[in-house]
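The structure appears below as structure tokens.
Just so you know, all these numbers are worked out from the coordinates, no wet-lab data involved. The structure displayed is predicted, hence computed values, not measured ones. FYI the Cβ positions are ideal-geometry reconstructions off the backbone, even for glycines, and counts take in every protein chain you see.
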Amino acid sequence: MATFRSAGVIHHGRGSLQQLGPEARRLGGSRVLIFTDPGVRAAGLADRGQSLLQKEGLHVDIFDQVQPEPPIENFEKCLAAARQGGYDLFVGLGGGSSLDMCKAASVLMTNTGDIRQYLGVNLVQKPGLPKIAIPTTAGTGSEVTHIAIVTDSARQLKIGVVSPYLIPDVAIVDPEMSLGCPPPVTAATGMDALTHAIEGYTSLLANPLSDACALQSMTLIARSLRTAVHQGQNVEARSDMALGALLAGLAFANASVTATHALAFALGGQFNVPHGVANAMMLPYVMEFNCLANPARFAQVARQLGECLEGLSPRQAALQVAAHTRTLAMDVGISLRLGDYGIPAAAIPSLAEGAISVTRIIGNNPRRISKEDVEGIFRQAT
């Protein structure tokens, strides 16, 4: 038996941002707070959202101080702002951090205590305020997931608040919102989405519905990520990436992710490596380790990525996943070497300790993995 969850309503495709006002009205909003970051605000995207909401006669404020991969302190600052305005609807507009901030603030408005109490699985007791998620990057899939990622600086680790109450009431995925996304961000978020799709498909919790989303996502991302990075105004590529990231979010939200994410969380927590970059770095090495556990399934991943497998044994076919993701990361400008991010080999034991402690996702890895295995994977990236 499997369960499949998603946002209450999903609007996707060019021009779907126009649904923001009517959806806010449908959800009973009258005083709205938009969560975003300074870059998205400067690009005018948050103001576009504010204008559409104001046309519906709603009061709208903007909180534009969301930090990348936000630490607990940023969540606390955000919540203090949210509690001052008497808001009845939240909108997350931006990258995954802004969406996660919106989702977490929603439940913290209706549940007592601070965010530290909810780091973990199913610890949130009550539904939050209504929330709408609008991504401006094609990466995290946060617009349809039940997870908000928090950086615990004291523990040097990224941790999730995981609860069905975090799932947005509405997701609006308009590829036009990503047209101005810079190439490095497009690359990192795109590799993040691809990691979600591949790990969602190869997780021990994969199921037929999540598989369908994951497989289509891989095809879309593999054919369009390079173009989206190097021809940022190509609307077809941006549309493929927006839909691919959405489908990947649906896949991993219901099947979870695996060891790549655990290693990436450790890199982000200890060395502030952006999450998408960390996933891109670790994906080929983890796939090379994992593919021996289920060669047929990994061979199918290679097919979706466009690899020609004629004449290859199942093992050789499965290993093409590692080769493909390695080449793709390099083509979009992401190095796969720890040293290029200032990470010394001496840090590997502590990185492995951090990664193996993320038991929520390590347990879903298709191949049993030990701390020693994790250290070996990190060493391959030196």
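Filter region 329-354 down to the residues that are in contact (Cβ under 8 Å) with a residue 24 or more places away in the chain and within 23 Å of residue 190 (Cβ to Cβ) and list them by number. Matches in region 329-354: 329, 331, 332, 333, 334, 335, 336, 337, 338, 341, 343. A single entry from 277, 229 fulfils the requirement of being closer than 25 Å to residue 318 by Cα and surrounded by 21 or more Cβ atoms within 10 Å (Cβ to Cβ): 277.
So that you can scan it fast, the table gives a plain yes or no per residue for (1) under 25 Å from the mean Cα position of the chain (by Cα); (2) polar (S, T, N, Q); (3) assigned to a helix (DSSP H, G or I); (4) surrounded by 13 or more Cβ atoms within 10 Å (Cβ to Cβ):
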{"position": "301", "(1), (2), (3), (4)": "yes, no, yes, yes"}
{"position": "312", "(1), (2), (3), (4)": "no, no, no, yes"}
{"position": "315", "(1), (2), (3), (4)": "no, no, yes, no"}
{"position": "327", "(1), (2), (3), (4)": "yes, yes, yes, no"}
{"position": "330", "(1), (2), (3), (4)": "yes, no, yes, yes"}
{"position": "339", "(1), (2), (3), (4)": "yes, no, yes, no"}
{"position": "346", "(1), (2), (3), (4)": "no, no, yes, no"}
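Being assigned to a helix (DSSP H, G or I) and in contact (Cβ under 8 Å) with a residue 24 or more places away in the chain is the requirement here; does residue 283 meet it? Criteria met by residue 283.
Within region 144-166, restricting attention to residues that are in a loop (DSSP other than H, G, I, E, B) and in contact with a helix residue (DSSP H, G or I) (Cβ under 6 Å, 6 or more places away or on another chain), the residue that is farthest from residue 116 (Cα to Cα) is 145. So how many residues does region 58-85 have that are in contact (Cβ under 8 Å) with a residue 12 or more places away in the chain and within 24 Å of residue 154 (Cα to Cα)? Going through region 58-85 one residue at a time, the tally reaches 16. Quick one: is residue 268 farther than 20 Å from residue 144 by Cβ and in contact (Cβ under 8 Å) with a residue 24 or more places away in the chain? Taking the combined requirement at face value, the residue satisfies it.
Only a single item in (1) farther than 29 Å from residue 228 by Cβ; (2) free of Cβ contacts under 8 Å to residues at least 12 places away in the same chain is not met by residue 309, and it is number (1). Would you be able to say whether some residue in region 348-368 is outside any helix (DSSP H, G or I), touching a helix residue (DSSP H, G or I) at 6+ places or on another chain (Cβ under 7 Å) and surrounded by fewer than 20 Cβ atoms within 10 Å (Cβ to Cβ)? Checking region 348-368: at least one residue is outside any helix (DSSP H, G or I), touching a helix residue (DSSP H, G or I) at 6+ places or on another chain (Cβ under 7 Å) and surrounded by fewer than 20 Cβ atoms within 10 Å (Cβ to Cβ). Pairs under 6 Å by beta carbon, first residue over 22 Å from residue 242 (Cβ atoms) in region 86-111, partner among the basic types (Lys, Arg) and not in a strand (DSSP E or B), six or more apart or different chains? Once the first residue is over 22 Å from residue 242 (Cβ atoms) and sits in region 86-111, its partners that are among the basic types (Lys, Arg) and not in a strand (DSSP E or B) give 110/126; 111/126. Here region 133-187 is the region considered, the condition is being within 16 Å of the chain's Cα centre (by Cα) and charged (D, E, K, R), and the residue that is surrounded by the fewest Cβ atoms within 10 Å (Cβ to Cβ) is 158. Here the helices (runs of 4 or more DSSP H) wholly within region 1-62 that include at least 2 residues being surrounded by fewer than 18 Cβ atoms within 10 Å (Cβ to Cβ) and over 22 Å from the mean Cα position of the chain (by Cα) are 20-26, 45-54. Considering only region 240-259, I want to know if a residue exists there that is surrounded by fewer than 24 Cβ atoms within 10 Å (Cβ to Cβ), out of contact with any Leu (no Cβ under 8 Å at 6 or more places or on another chain), part of a helix (DSSP H, G or I) and in contact (Cβ under 8 Å) with a residue 60 or more places away in the chain. Scanning region 240-259, I find no residue that is surrounded by fewer than 24 Cβ atoms within 10 Å (Cβ to Cβ), out of contact with any Leu (no Cβ under 8 Å at 6 or more places or on another chain), part of a helix (DSSP H, G or I) and in contact (Cβ under 8 Å) with a residue 60 or more places away in the chain, so the answer is no.
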